[in-house]
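Here's the structure we're looking at; comments come further down.
The values are calculated or read from the model by the stated rules, or taken from the named source; none is laboratory data. The structure displayed is predicted, hence computed values, not measured ones. We place every Cβ from the backbone using ideal geometry, glycine too, and count neighbours over all the protein chains shown.
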Ligand SMILES: Cc1ncc(C[n+]2csc(CCOP(=O)(O)OP(=O)(O)O)c2C)c(N)n1
Ligand SMILES: [Mg+2]
């Protein structure tokens, strides 16, 4: 990809700002006892922004890691969608209030459902890429997963299968050095996960995942290659999650505050902001007003979602059985009379 133009950089910055603002508001709601489970994207924002700028948003698929809020925004999710999902409201366009936060999935936006067991989405997304090839589609599937997920056997199977069939896939492993409390050296025999690409005969590149301008060329080349029928690539984006694994985790038990503070100095959003000002893409005043606009938009989305009705409990069985059998609900609750 040629150097990103100013408009692309501004767009990426906006996605990243929205992701961080959503993250912050969710943590606040959690602490106020108004919201529940938070999975933070903070520290991973540049990866999703690079994905969004690299793909063709009109046709490509996203199989998101649960820290890929920025990518979901790039693929078209709106702050109201995300907040309705966070609160589990009926208006949640991803799961209709069925799943806890970060289980995005949208047929309309071509976002493949994020699943609880990690990293199941990797092999399922490769199946989507296989279907795309079968159908003669030129769509690319961007797959995000964690360094811990990368240690699972199914990732090996998925990469092997994708390489054999030269599928249009980008495997993006977001290496943030931890699998919850377990450090990388205890879950991987090699410090760089990109080297594993060689065993599948695909390119493997390792980049600073907190620097948009470093992720972007590698992401663009992987997407180009996939679309040209040259097969999959493995992109290792090195990052750091600033917050605990989830709002149920206490990270003070396994990493020092000094370590977290050191990584804070490499914040992907602050770095991009500095670059935009340095390149005169934005003035300081432009950046401040964009930040204020994003804060307002996210606050409005959160306030809106908070007042939305919960999903109807009876809806839980929809999309599980064929519509004609939604009567299974009555059966589950004790009504065993036969139905036609
Ligand atoms: C099969 C499975 N085992 C355990 C978990 C619990 N779990 C949720 S997040 C997580 C950490 C995964 O680490 P990694 O893949 O590196 O992603 P990160 O959270 O660091 O982005 C674990 C173990 C799970 N969701 N699925
Ligand atoms: Mg990790």
Yes/no for residue 215 being away from ligand 2 (no atom under 16 Å from the Cβ), closer than 20 Å to residue 3 by Cβ, in contact with a helix residue (DSSP H, G or I) (Cβ under 7 Å, 6 or more places away or on another chain) and part of a strand (DSSP E or B): no
Test for residue 152: is it touching a residue at least 24 places away in the same chain (Cβ under 8 Å), within 14 Å of ligand 1 (Cβ to nearest atom) and surrounded by fewer than 20 Cβ atoms within 10 Å (Cβ to Cβ): yes
Residues (out of contact with any helix residue (DSSP H, G or I) (no Cβ under 6 Å at 6 or more places or on another chain), within 16 Å of ligand 2 (Cβ to nearest atom) and in contact (Cβ under 8 Å) with a residue 40 or more places away in the chain) located in the stretch 115-146: 121, 144, 146
Some residue of the stretch 241-250 being touching a strand residue (DSSP E or B) at 6+ places or on another chain (Cβ under 9 Å), modelled with pLDDT of 95 or more and assigned to a helix (DSSP H, G or I): no
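Which one of these is farther than 19 Å from residue 50 by Cα, away from ligand 1 (no atom under 15 Å from the Cβ) and at pLDDT 95 or above: 206, 181, 137?
Just one listed residue meets the conditions, 137.
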Those residues of the stretch 6-56 which are free of Cβ contacts under 8 Å to residues at least 40 places away in the same chain and within 15 Å of the chain's Cα centre (by Cα), in sequence order: 41
Residues being free of Cβ contacts under 8 Å to residues at least 60 places away in the same chain and in a helix (DSSP H, G or I) - total across the stretch 256-286: 14
Of all residues in the stretch 169-193 being in contact (Cβ under 8 Å) with a residue 60 or more places away in the chain and more than 10 Å from ligand 2 (Cβ to nearest atom), the one that is farthest from residue 203 (Cα to Cα): 181
Residue match in the stretch 290-303 (condition: surrounded by 14 or more Cβ atoms within 10 Å (Cβ to Cβ) and either touching a strand residue (DSSP E or B) at 6+ places or on another chain (Cβ under 8 Å) or more than 21 Å from residue 83 (Cα to Cα) (or both)): no
